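Report on the following structure.
Read the figures in this text as sums done on the coordinates, not as results from a lab. Remember, it's a predicted structure, so these values are computed and weren't measured experimentally. In this analysis, Cβ positions are derived from the backbone assuming ideal geometry, glycine residues included, and neighbour counts consider all displayed protein chains.
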Amino acid sequence: MKRIGILTSGGDAPGMNAAIRAVTRTALANGIEVCGIRYGYAGLVAGDIFQMTSETVADKISRGGTFLYSARFPEFKEEEVQLKGIEQLKKHGIDALVVIGGDGSYHGALKLTRHGYNAIGLPGSIDNDIPYTDYTIGFDTACNTAMEAIDKIRDTATSHQRVFVVNVMGRDCGDIAMHVGVATGADAIVIPEEPYDIKEIAENLKQGFANGKKHGIVVLAEGVMDAEKFKDELLKYGDFDARANVLGHMQRGGSPTMRDRVVASEMGAYAVKLLLEGKGGLAVGMENNKLTHHDILDLFDAKHHGNYALYSLNKDLAK
Ligand code: F6P
């Protein structure tokens, strides 16, 4: 193996730059050249590829987003599009690849491995929704960003004795909502993985005001329903004032936290180690604080399991 490529794909996540840096520096230290591929699989197919040096990744570890840029590129499912990507890999003398992203990115990595180019996937997503890893790069930063935003919302909620339904990201996964809900002392957490009763939530919020609480915070995972709709449903049973708020893409931005930088660095170095061993078609994970890897195929049949004890804990603490 003389030269590897690296790309980031799907929704960006804070810490991706730290992972790119770790992959690059580890490869260079092992005498392997590194090519950066801009705009994910779209850039691979278009040949937006450049040689990276240790300097290229200097001063990037603290930056949010991905300096290689990202794209969603469902076209890469097509065999003929994959072959165009392979042509580019050949043209640039790239023997293997590291792909940082979520589910869609892993599909691409598996396809490339089957075409004879070992590819390793790193879990880069704020959602923490990938099976066989307790952690995805970007999750901690996104949770902290959402937590800080909700702390601010709570100030105005208190001043006006209002309920706020705050929609947080996570696609179909409730991990951001659960962690942020506990961290902000939410009155209710609503996630796709657990049943909920809007009437009961409204009754609890009413009881909270009756007990002297000055605000109500409902942290709603985006995979459940629209925040405005949830707020309207809530108001059918509650006599309080309420507002809906969608935190949105701000959760994907910002300088990565220490945890995201460290995990990204560990995973990036580990991915290169796997490639050096001649392995491909693997997804890197962090399980029980240890670096692990699994066949990408295994991930497609598996489901991510969040720490649902947090959901129950919040119910007890919100009383
Ligand atoms: O997967 C990351 C994520 O931010 C999800 O939480 C969200 O549902 C989705 O991406 C938004 O995608 P887009 O940036 O394409 O609107």
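Taking other C-beta atoms within 10 angstrom as a stand-in for reagent exposure, Phe300, Phe76 fall in the order Phe300, Phe76, fewest first. Label separation (Asn307 vs Ala46): 4.0 nm, computed from points 7 Å beyond Cα along the C-beta direction. For region 93-153 versus region 239-277, the spacing of their alpha-carbon centroids is 9 Å.
Taking other Cβ atoms within 10 Å as a rough exposure proxy, Ser265, Ser9 sort from fewest to most as Ser265, Ser9. Taking a point 7 Å from the Cα of Lys214 along the Cα-to-Cβ direction, the residues of region 226-246 with backbone N closer than 20 Å to it are 240-243. A simple rule links phi to the HN-Hα coupling: the Karplus curve 6.51 cos²θ - 1.76 cosθ + 1.60 with θ = phi - 60°, which for region 199-213 gives 4, 5, 5, 4, 4, 5, 5, 4, 4, x, 4, 4, 7, x, 5 Hz, with x for Gly and Pro. Computed extension length for Glu287-Leu317: 8.0 nm, one decimal, from 0.36 nm per residue of separation with the Cα-Cα distance subtracted.
Semi-axes of the equivalent ellipsoid of region 139-253 are 21, 16, 11 Å, computed as sqrt(5λ) over the eigenvalues of the C-alpha gyration tensor in descending order. Taking amide hydrogens as placed 1.01 Å from N in the peptide plane, the amide H of Asp134 sits under 5 Å from those of Met286, Glu287, Asn288, each at least 5 positions away in sequence or on another chain.
Given +1 at the Cβ of Lys and Arg, -1 at the Cβ of Asp and Glu and no other charges, the dipole of the chain around its Cα centre is 760 debye to the nearest 20. State which entries of Lys91/Lys111; Lys152/Lys213; Lys199/Lys315; Lys90/Lys273; Lys199/Lys319 exceed 26 angstrom in Cα-Cα distance in the structure shown. Violating the 26 Å limit, Cα to Cα: no pairs. Projected onto its three principal axes, the C-alpha set of the chain covers 69, 37, 34 Å, listed from the longest axis down.
Given the options Leu297, Leu205, Leu220, state which has the largest fluctuation in a GNM of the chain using a 10 Å cut-off (strictly under) for Cα springs. Of the options given, Leu297 has the highest mean-square fluctuation.
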